[in-house]
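Each reported figure results from applying straightforward, stated rules to the coordinates on display, with no laboratory input. Predicted model only: the values in this text are computed from it and were never measured. Cβ sites come from the backbone with ideal geometry, for glycine too, and all protein chains shown count toward neighbours.
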Ligand code: ADP
Ligand code: MG
């Protein structure tokens, strides 16, 4: 087994495809035989429900880990995908930030927990919330790399600059080895010039980190979470399934570069 790679899927904008990417990249990596842990770090718990778990019925979630009440091994659950396990989250996570006020080393809680179980996985994928809160800081501190989904729309670049600034701050203060894993375009609509323009512009400034695989806007991708299934189980022949499989291949390729 290779060395584990911890990838934070992040972008402070909401609705850009973070959760969809976390679910389907994790599931696709598992279909290639990788051992994967996906961590739901968003109080919305959409990764948790999107993989078929009853988020409100969970006895233990990532919240309990942040409060030191349970370890990752206590909390992790199997999913409908072989080789993919999950650390679930739900609305209880909202309270964690306040409860951790004044706690020392509170940026390092997730990192320290992951140290204990890292060796069992090839990939650990963290789905971040759409804000720069303490939970996101924990994710960026624990991660080796950052994978940024960008929705093909006007203000995509503006958000990207802000995110690169945040990453640099985290590198200075908390995690000097943090790198960019890659940038993936989501909800691409080949019929609009705008989508094409955004792709060209980002490629000009960040060429080498942009994945060749572009995720199209695909109705089946939007439907799959309400069935609690990743796209490769919900509709294996869809464009969405195809594009996330290609993305997983590229992520695996970069493992060796
Ligand atoms: P985020 O986690 O960044 O807030 P989500 O992954 O939850 O974003 O996506 C926002 C919404 O758009 C969700 O309803 C999701 O199902 C839908 N969605 C995401 N990616 C696609 C896509 N490629 N095609 C169609 N719908 C998508
Ligand atoms: Mg999300």
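Overview of results
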{"read-out": "Gyration tensor (alpha-carbon) shape descriptor, region 36-148, a/c threshold 1.5", "value": "rounded"}
{"read-out": "Helical contribution to [θ] at 222 nm, DSSP H n ≥ 4, -39,500 (n - 2.57), averaged over the chain, rounded to 500", "value": "-12000 deg cm²/dmol"}
{"read-out": "Choice from 223, 242, 104 showing the highest fluctuation, given a GNM over the chain with Cα pairs closer than 10 Å", "value": "104"}
{"read-out": "Most mobile of 14, 83, 52 in a GNM of the chain (Cα contacts under 10 Å)", "value": "14"}
{"read-out": "Residues listed by number, region 35-69, amide nitrogen under 16 Å from residue 119 label point at 7 Å toward C-beta", "value": "none"}
{"read-out": "Cα gyration tensor, region 5-255 - rounded (a/c under 1.5), prolate or oblate", "value": "oblate"}
{"read-out": "For 128, 80, 152, order by how many other beta-carbon atoms lie within 10 Å, fewest first", "value": "80, 152, 128"}
{"read-out": "Among 30, 41, 139: highest mean-square fluctuation, GNM of the chain, C-alpha pairs under 10 Å", "value": "30"}
{"read-out": "Taking only Cα atoms of region 210-257, radius of gyration then Dmax in Å", "value": "11.7, 37"}
{"read-out": "Antiparallel DSSP beta bridges within the chain, percent to nearest 5", "value": "5 percent"}
{"read-out": "Inter-site label distance for residue 249 and residue 3 at 7 Å from Cα along Cβ, in nm", "value": "2.7 nm"}
{"read-out": "Cα-Cα P(r), region 19-85, percent of pairs per 5 Å interval", "value": "3, 18, 28, 25, 17, 7, 1"}
{"read-out": "Rel. contact order, % - alpha carbon contacts under 8 angstrom, at least six apart, region 5-255", "value": "26 percent"}
{"read-out": "Cα centroid separation - region 1-71 against region 110-152, whole Å", "value": "9 Å"}
{"read-out": "Residues in region 221-239 reached by a label modelled at residue 91 [backbone nitrogen below 19 Å; 7 Å Cα→Cβ]", "value": "226"}
{"read-out": "Gain on full stretching of the segment that runs from residue 173 to residue 144 - 0.36 nm per residue minus C-alpha separation", "value": "9.0 nm"}
